Amino acid sequence: MMTTAEREQSLRRRYGNRIAKAPAKKGPGPGHGPGGPRMKGGQPKNSKETIRRLLSYVEQDRVMMGFAFFCVLINTAASLAGSYMLRPIINRFIAPTDGSAGSVSGLAGGLMVMAAIYLVGVAANYLQSRIMLTVAQQALLRIRMDLFSRMQKLPVRFYDTNSNGDLMSRYTNDVDTIGNMLSNTLIQLVSGTLSILGTLALMLYTSVWLTVVTLILIPLILKAGGAVASRSQKYFHAQQSALGALNGYIEETITGQKVVKVFCHEEIAEEEFEILNRDLRDKQIRAQFLGGMMGPVMNSLSQINYTLTACIGGILCVVKGFDVGGLTVFLNFSRQFSRPINEISMQVSNVFSALAGAERVFAVMDAEPEKEDDADAVSMEGMKGHVALEHVTFGYDPDREILKDISLYAKPGQKIAFVGSTGAGKTTITNLINRFYDIQSGSITIDGVDIRHIKRDELRSHIAMVLQDTHLFTGTVMENIRYGRLDATDEEVIQAAKTASAHSFIMRLPKGYDTVLESDGANLSQGQRQLLNIARAAVSKAPILILDEATSSVDTRTEKHIERGMDRLMAERTTFVIAHRLSTVRNANAIMVLENGRIIERGDHDDLLAQKGRYYELYTGMSELE
């Protein structure tokens, strides 16, 4: 029985030690849900570099940003000028310093001028908000484009070691936090800084002594803010990492919901989700508490500052003859001086969230892409399909070999089958032919040219694959088949569907080839989806064809139809077949029996049966594929 603590430890291993320890709790039973390795989180390594990279995405809109900052300057100046106008209005029209009666008409005129100044500030604030929103969305567009572009260049190894949900979290949650900072936080930081400087200048102009009193508590305010900020930074990064882990688990569990139900793991999935959800909650509480604590701390210190300034200002009015208008304005400035400091302090949480999200996004952008093609790489137009592996040794981990000294040769029109126990290295061979991974030693050649000297795009365009796991894109049936070769005509698509024995069921769909498929073809059976994948390979006209359990998802009757179509498809192609149904490889020109990364037997069906070795055991049922 796996306890909750053990399951929690399992989750911690799968999610890069990003799961905080939680109190023990009784669980429903053994097992664990889907998971996998993740890109690890951690504290920001270089905040300055992250900020520099973020600002590089708005560099193209620097003219717009310059105008936005100009609007911020106008808004700040209008706000300060409007506030300062209270002094002459009070001293001249409400409580004249010369002892005369106030003037209603003068007061009305002064208030109208003040209103006009504030209206200018409101208009400038509106413009800068619209401009910065545009700038932020433009920056997010570029970030998403760079992120998506980089992901197209990353090797298969990257996707084998990172969950789809965690990667999607970088597109959504992390990018959203960046957008919030660019559209709101950045401009508020600039506006707050200008307000502080402008307010300080007017405070000095109004009363030097009261300014000194106000500034006494500023170092304490800044020190308190810095202390809270330094503690909250690591928690915001942990929050983003935990959010990615939770999204990854949700995506994997929903995708594998049938598996969860078949094996009755609903309660276990709920408990593991609770562990991840609780971990996110705890990290969000810590991050949001420290970020939210900034405001109350700043407000309390500002209130003390305001009270102290009011008391001393009142004394100056009585003793030193300081004007009432000046005291009113100064108290307003005192509060106004603290407000941008508070706002800047409260924006710290947004800044740290954005920096944490940006580092996660840049971590993907900085992931090592597939190696560039060699300078002398060739295009191999007119590839025939002579494939040879000579003494190939390979391991996903260099210290653990999967394939050991593999040698084989395939001619155009030949069908080479791989059989053997699970984990023997069958699929690994096909991954190497595609150059999803590079071999450690030996060579793989096509038409006598080492594949490491062939342009990757050119190499893969000459190889068609039909995998055991089907995948269809949102679009029509015609578009999904044409994915194999975008310049294929409608007639060629239909012919490919007929070759794959898919034409008859396609014509029974509501709109035939124009039927729109969504959610990975959820309205089709598993066998029908596989037939469309086979048709996609058929339309590609690639000289090399790889079938990895291509018929495992179809019934026996459909399999016979596919086999006849595949025979036509393979007539002039070099075909590699991976199959656990040994009946599907009887007509192969050569059958390679793999065990522990080595080819232990090779020959056609009859020869291997006559040898009465491993293949004979597998075919007659004397041994099972493990």
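May I ask you to verify whether Leu327 is hydrophobic (A, V, I, L, M, F, W, C), surrounded by 15 or more Cβ atoms within 10 Å (Cβ to Cβ) and more than 30 Å from Asn434 (Cα to Cα)? Yes; evaluated as a whole, the condition is true for this residue. The residue that is modelled with the highest pLDDT, counting only those in the stretch 353-369 that are in contact with a helix residue (DSSP H, G or I) (Cβ under 6 Å, 6 or more places away or on another chain) and open to solvent by 30 Å² or more (accessible area, probe 1.4 Å), is Glu359. Highlighted here are the strands (runs of 3 or more DSSP E) found entirely within the stretch 395-491 that include at least 3 residues which are among the small types (Gly, Ala, Ser) and over 22 Å from Ala538 (Cα atoms): 441-446.
With respect to the conditions (1) at pLDDT 90 or above; (2) not in a helix (DSSP H, G or I), Leu141 falls short on a single one, namely (2). Residues of the stretch 485-518 that are acidic (Asp, Glu) and modelled with pLDDT under 90: Asp487, Glu518.
When Val113, Val72, Val120 are checked against the criterion of being out of contact with any His (no Cβ under 6 Å at 6 or more places or on another chain), surrounded by 19 or more Cβ atoms within 10 Å (Cβ to Cβ) and either at pLDDT below 80 or in a helix (DSSP H, G or I) (or both), a single residue qualifies: Val72. Of all residue pairs spaced 6 or more apart or on separate chains, those with beta-carbon atoms under 9 Å, a first member in the stretch 509-524 that is in a strand (DSSP E or B) and surrounded by fewer than 16 Cβ atoms within 10 Å (Cβ to Cβ) and a second member that is among the small types (Gly, Ala, Ser) and modelled with pLDDT under 90 are Val516/Gly475. Can you pull out the residues in the stretch 452-508 that are closer than 26 Å to Val577 by Cβ, hydroxyl-bearing (Ser, Thr, Tyr) and either without any contact (Cβ under 8 Å) to a residue 12 or more places away in the chain or touching a Cys at 6+ places or on another chain (Cβ under 6 Å) (or both)? Ser504 - this is the single residue of the stretch 452-508 that is closer than 26 Å to Val577 by Cβ, hydroxyl-bearing (Ser, Thr, Tyr) and either without any contact (Cβ under 8 Å) to a residue 12 or more places away in the chain or touching a Cys at 6+ places or on another chain (Cβ under 6 Å) (or both). Tallying residues that are without any contact (Cβ under 8 Å) to a residue 40 or more places away in the chain and under 18 Å from Asp469 (Cα atoms) within the stretch 256-273 yields 2. Residue-level analysis places Arg435 among those that are closer than 21 Å to Leu547 by Cβ, open to solvent by 10 Å² or more (accessible area, probe 1.4 Å) and free of Cβ contacts under 8 Å to residues at least 40 places away in the same chain. The set of residues in the stretch 150-179 being of a type in the set (A, V, I, L, M, F, W, C) and either in contact with a Gly (Cβ under 9 Å, 6 or more places away or on another chain) or not in a helix (DSSP H, G or I) (or both) consists of Leu154, Leu167, Met168, Val175, Ile178. When the stretch 125-158 is limited to residues that are surrounded by 13 or more Cβ atoms within 10 Å (Cβ to Cβ) and of a type in the set (Ser, Thr, Tyr), the one that is farthest from Asp457 (Cα to Cα) turns out to be Ser129. Among the listed residues Val120, Val135, Val104, identify the single one that is in contact with an Asp or Glu (Cβ under 6 Å, 6 or more places away or on another chain) and either on the phi < 0 side of the Ramachandran plot or not basic (Lys, Arg) (or both). Val135 is the lone residue from the list that is in contact with an Asp or Glu (Cβ under 6 Å, 6 or more places away or on another chain) and either on the phi < 0 side of the Ramachandran plot or not basic (Lys, Arg) (or both).
The values are calculated or read from the model by the stated rules, or taken from the named source; none is laboratory data. Note that the coordinates shown come from a computational prediction; the quantities given were computed from them, not determined experimentally. A quick note on method: Cβ atoms are made from the backbone with ideal geometry, for glycine too, and the neighbour counts reach across all protein chains shown. The protein model used for the area step is the full one, side chains on, heavy atoms only, and it has no ligands, DNA or RNA in it. Shrake-Rupley method; radii C 1.70, N 1.55, O 1.52, S 1.80 Å.
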